[in-house]
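The next block holds one structure in the form of C-alpha cells; read it before the comments.
The values are calculated or read from the model by the stated rules, or taken from the named source; none is laboratory data. Fair warning: this is a prediction, and the values are worked out from it, not measured in the lab. Cβ: placed from backbone, ideal geometry, glycine included. Neighbour counts: every protein chain shown. Keep in mind that these areas ignore ligands, DNA and RNA; they rest on the heavy atoms of the full protein, side chains included. Shrake-Rupley method; radii C 1.70, N 1.55, O 1.52, S 1.80 Å.
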Amino acid sequence: MTDEKTGSDTATEHMVNYDRNSYMQSNLVKSRADWIERAVRDIGPQKTEFRHLDLGCGPGHTAIEAVKPSIAAYRQTSPNGHIAVCHGDQPHNDWNGLFGLVFSGSGYLQDKNIRTEASIGSFYDVMAASGSISLATCFVASHWLSRPLLISSPGTVWYADLEGDARAAYEDLARSDWTRFLRSRAIELAPGGYLIVSTLGSTPDLEEINGIRGSARHLYRAIHKVAATMVTDGLLSEEALDRFIFPLWFPSVSDAVGPLIQNEDLEAAFEVIEASVTDAAINPQDAYQDWLADREKYAELYTGYVRGFGESSLRLHLFEKSAKTVDEADALIATFFERFEKLYRAEPGRYASETLTMTLVLRRR
Ligand SMILES: C[S@@+](CC[C@H](N)C(=O)[O-])C[C@H]1O[C@@H](n2cnc3c(N)ncnc32)[C@H](O)[C@@H]1O
C-alpha cells in the first residue's frame, strides 16, 4: 500500500485486545497507588471540585485502576466533595469499551457527586481548561512519541539501538515532545496540583549500546529478528524494515528532568517531588516469568502483549508498506505473530522483557 493511501502521522492507533493483554501495565498502574494517595492528601479539599485527568488512559481496566486510588483518597479528605474524572486519549481509543467499564459494577461512579468525562486529543497539547486540574496522571503512555520519524535504521526496530545521526534525530524529537507534554500540564494544573507520570524507563549501563539500558531490550530485538526472517523469505521489503522504528522513547532520570532544568518557565512552574527509574515492583526481569514453565502459555502471553501495544504501529508503519491490499497486510501480520510466538515457545526466557519503571512526580507551584 502506498503512503498516500495509508500514511499516518500518529505513533500508534487503538490498542489491540488491550484489556486482555495489559498484565504488565496493570501491575505498573497498581504499584503507583501510594503516590496517588500521597498527592491527593497534599492537594487537600478543593473549593468547587477535585478534577483528575488521566492522560493516555487506554480502553481497559487499567484506566479504572488509575483513578480509583484518587477517588478513595479524596473521599477521606472530603466525604461529599464533588469529583470529576476526565479520561484523555486519542480519537481512535475504544471509548465505548472504556465507558462500558466506567458505568459497570467495577467502575467508580459510587456516589452522586462523582462525574465522568473524556478529553479527546493528544497529550502533547493542552487537554483541559487552564488551571482546572487538581491531579494529572499518565501511565504507560508518554513513551509514545508524537509521530514516527522517517529515518534509516538497518538492524533494529528499537530507538535505543540507534546510533549516530539517527539516534540524535530521535533524541531531539523525544526532548521536544517531552517539553511540550510538561508545558501543557503546566497550563492545565491548578496551583498546588500534582502531575504523576510513570512509564517504561532506561538506566545507565556501560555494556549497552549508547551506554544506556532500556526496558524490554530483548523483546524489541526479538521483534526485529522475526521481521528479518520475513525479509529473507521475500515476504517483507528490506527497505520497509530498514526504515521501521517503533516511535518510542523510554526516558532515563536525566531525560525526565532535563526540560525542568533547561527551561526557566518549567523550572518556575514545577517542584520536583520524585524522579526515579527502578526495577518494576513485579517480575522486573521477565514480565511473564510466572508462566516460564508452561512454554505454550508463555509464548501466547508474550504474543498477546506485543499485539496489545504494538500491532497498530507494526501495521501502520511496517506491514502496510509491504502490502498492496488490506488483506495482504492482515496476512503479513498473522505470519509475523505466528513466527514470534514460535520463537518464544522454542526458548522460553531467552527474550524476556525486563521492566524498568520511570516515575516522575511534580507539584505545580
Ligand atoms: C499502553 S496504553 C496505556 C493505557 C493505560 N494508561 C495503562 O496504563 O494501561 C497507551 C495509551 O496511550 C495513548 N496515547 C499514545 N499517544 C498518545 C497521545 N499523543 N495523546 C494521547 N494519548 C496517547 C494510546 O492511544 C493508548 O491508549
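Give the distance, in whole Å, between the Cα centre of segment 116-165 and the Cα centre of segment 210-283.
When both Cα centres are located, 11 Å separates them.
Relative contact order of the chain: what whole-number percent is it, with Cα pairs under 8 angstrom and at least 6 residues apart? Don't skip to the answer; put the middle values down first.
On the way: 683 pairs, mean separation 85.5, N = 365.
23 percent.
With label points built 7 Å along Cα→Cβ from the Cα atoms of GLU264 and HIS92, find their separation and express it in nm.
4.2
If you take every DSSP beta bridge whose two residues both sit in the chain, what share of them, in percent to the nearest 5, is antiparallel?
45
Considering the alpha-carbon set of segment 64-134 alone, what are its Rg and its Dmax in angstrom?
Reported Rg and Dmax, both Å: 12.9, 36.
Students sometimes get this wrong: rank ILE333, ILE120, ILE212 by accessible area, probe 1.4 Å, all chains present, largest first.
Working: ILE333 5, ILE120 105, ILE212 35 Å².
The most accessible residue leads, giving ILE120, ILE212, ILE333.
At 0.692 mPa s and 37 °C, plugging the Kirkwood radius over alpha-carbon pairs of segment 117-177 into Stokes-Einstein gives what diffusion coefficient in µm²/s? Walk me through the intermediate numbers first.
Values: Rh = 14.1 Å.
Approximately 233 µm²/s, per Stokes-Einstein.
Among the lysines, which fall within straight-line cross-link reach of LYS225, defined as a Cα-Cα distance under 27 Å, with same-chain neighbours fewer than 8 residues apart omitted?
Reachable lysines: LYS297, LYS321, LYS324, LYS342.
For the Cα atoms of the chain, what angle does the longest principal axis make with the long axis of helix 217-232, in degrees from 0 to 90, nearest 10?
40
How far apart, in nm, are two points set 7 Å out from the Cα along the Cα-to-Cβ line at ARG350 and at ASN113?
It works out to 5.9 nm between the two label points.
Put +1 on the Cβ of every Lys and Arg and -1 on every Asp and Glu Cβ in the chain; which of SER31, LEU135, GLN285 then has its Cα farthest towards the positive end of the dipole?
LEU135
What value, in deg cm²/dmol to 500, does the helix sum -39500 (n - 2.57) over DSSP H runs of n ≥ 4 give at 222 nm once divided by the residues of the chain?
Values: 12 runs with 155 residues, N = 365.
The helix contribution divided over the chain gives -13500 deg cm²/dmol.
What does segment 3-364 give for Rg and for Dmax, in Å, if only its C-alpha atoms count?
20.4, 64
Extending each Cα 7 Å along its Cβ direction at ASP165 and ASP279, get the distance between those two points in nm, one decimal.
4.1
Per residue, how many Å² of accessible area does the chain show with a 1.4 Å probe? Please report the intermediate quantities before stating the final value.
Values: 15300 Å² over 365 residues.
It amounts to 42 Å² per residue over the chain.
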